[in-house]
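Any read-out appearing in this document is the output of simple, stated calculations on the displayed coordinates, not a laboratory observation. All of these numbers come straight from a predicted model, not from anything done at the bench. Note: ideal-geometry Cβ built from the backbone for every residue, glycine included; neighbour counts use all protein chains shown.
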Amino acid sequence: MTQKIGIVTENPAIASAIIGKLLELENIENKASFALYSRTLPTNNAFAIYEGTCAMRKVNCQLVVFPELDLEKANRLQNRLPIATSPLLNPVTDANSIDVDLWADFILKLMSRSVSKEDLNIIAKSTEDPSQRVMEAAANPRRHENGLIAIHGGLGHMAGVLSFNDVATKHAGAIFLNSDHNVPNESEYIVEAVVNGGLRIENFPSPVKAVSDSRARILSLKPDSIFMPCNTMHWFGDQIQDRVPKEGFVNIVEEGLRSVPVTGEKINLLALSTNGSAAGRIFTTARDAIGRDDINIIYPTPEEQLIMDGAIFGDILENRNIRAAASKFQRILDNHPCDGVILGCTEVIMCVDKMHGLPNIVIDNAVAGANVAASAVADKIKDRESFWSTKRVSLINGDILQGKPSFIENLRTSNSR
């Protein structure tokens with residue numbers, strides 16, 4: 001039984017580096033949950049603690065860690081959840097320091113409840129109320145003066161962490177990622193639903209309730225914009241929106257297709273994605289929703305799609321064999337001459353620099369969604385600086401991985417057999 005850990009930082013690179021290290025050290029996809037909260041603008045310590053721990057409480061974290069604070073500072077600050085720290089740990093000041101490894105190991109032990117008493121300090125929840133000044137600041141509807149972008153992760157932890165890192169390069173404000181592991185497999189459910197003509201599914205549980213409950217908790221933070229970096233889950237869009245508000249939600253599948261330039265001619269796009277995305281025809285649905293009749297979506301054959309899923313779920317998620325997966329994706333790409341390719345799954349994105357002969361248009365829907373989320377928030381706030389330069393872009397060839405965090409390269413290097 002694992003417990004959910006919240007990580008609060010001022011520097012988002014530190015938060016994503018720690019989780020990235022966890023993904024390197026241990027396969028936590030199906031057995032751990034976590035949440036990340038960062039403010040890229042300085043704020044006072046008391047407010048950061050209050051806001052960060054309130055956010056973690058709303059998404060059901062049991063403990064919260066502040067890797068940038070030393071034990072003495074953490075002891076002095078009032079908080080809303082127990083803070084876990086260790087006398088053996090130093091504050092993290094650099095996302096590339098050895099302290100990131102030590103904090104990652106500590107958090108892994110916290111998740112599995114295997115940390116020893118000698119290595120653990122729990123600063124119990126304060127019985128005192130926060131100061132009036134902090135309460136007033138937290139109640140202010142403009143408390144995130146540069147906006148709050150929320151990322152609904154957990155449908156594959158890597159997708160959420162990559163998006164968290166990406167948003168941090170485009171958004172000068174608060175960023176929140178909620179990543180729960182206990183969501184039923186959406187791809188299996190969709191395939192079964194399509195086979196059964198949309199009738200009640202007996203073999204696989206629906207992920208809708210778990211995802212809707214998670215979305216509702218995220219929305220309680222009142223983010224200015226929210227997006228979900230999992231392409232496949234967009235098949236359930238209407239079912240989720242029947243349960244929770246749609247306001248501020250960015251549909252990454254639609255935004256990825258909107259980024260495709262209009263040429264006046266038919267544009268053929270090959271969709272490399274999970275079997276669920278292909279069976280559910282989510283890219284066709286998105287194309288129709290935005291009125292892009294000039295785009296033709298090409299899906300792999302059923303036999304090729306089985307190979308795709310074997311590469312995604314077997315080679316990468318289970319065995320971390322990036323090279324084997326890339327080889328399979330390459331064979332499918334070679335079979336389908338096209339004008340562009342949709343990297344419709346995080347695991348495909350991880351392999352793209354090992355592929356060759358990519359077409360001119362290469363689309364990462366999660367990046368497109370992050371661009372639009374940052375743009376939407378920037379349009380809402382006043383007195384802002386122009387902290388990012390592009391809105392909707394089609395990413396070309398090998399440039400798709402530019403700016404990705406170092407742990408992606410580490411995964412490729414250490415597991416590319």
Based on other C-beta atoms within 10 Å, arrange Tyr37, Tyr299 from fewest to most.
Tyr299, Tyr37
Can you work out the Karplus-derived ³J(HN,Hα) for every residue in the range 274-289? Use 6.51 cos²θ - 1.76 cosθ + 1.60 with θ = phi - 60°, whole Hz, and x for glycine or proline.
6, 4, x, 5, 5, 4, x, 6, 5, 6, 5, 4, 5, 4, 5, 5
Got a sec? How would Val372, Val367 order by Cβ neighbour count within 10 Å, fewest to most?
Val372, Val367
Residue by residue through the range 146-158, the couplings from Karplus 6.51 cos²θ - 1.76 cosθ + 1.60 with θ = phi - 60°, in Hz, x for Gly and Pro, are 10, x, 10, 9, 10, 10, 8, x, x, 9, x, 4, 4
Taking amide H atoms as placed 1.01 Å from N in the peptide plane, list the residues 5 or more away in sequence, or in a different chain, whose amide H sits under 5 Å from that of Ile7.
Ala35, Leu36, Tyr37, Val65
Give me a comma-separated list of calculated 3J(HN,Hα) values for the range 336-344, in order, Karplus coefficients 6.51, -1.76, 1.60 applied at θ = phi - 60°, integers in Hz, x for any Gly or Pro.
9, x, 7, 8, x, 10, 9, 7, x
Quick one: which residues, 5+ away or cross-chain, put their amide H under 5 Å from the amide H of Ile298? H built at 1.01 Å from N.
Leu269, Leu270, Ala271
To make sure I understand, if each residue's beta carbon is the centre and we count other beta carbons within 10 Å, what order do Phe249, Phe164 fall in, fewest to most?
Phe249, Phe164
Regarding the range 253-313, what's the average projected area of the Cα-atom convex hull, expressed in nm²?
4.2 nm²
For the range 290-363, rounded, prolate or oblate, judged on the Cα gyration tensor with a ≥ b ≥ c (square roots of eigenvalues), a/c < 1.5 rounded, else prolate if a/b > b/c?
prolate
Rounded to the nearest whole number, the Stokes-Einstein translational diffusion coefficient of the range 206-349 at 20 °C and 1.002 mPa s (Kirkwood radius, C-alpha pairs) in µm²/s is 131 µm²/s
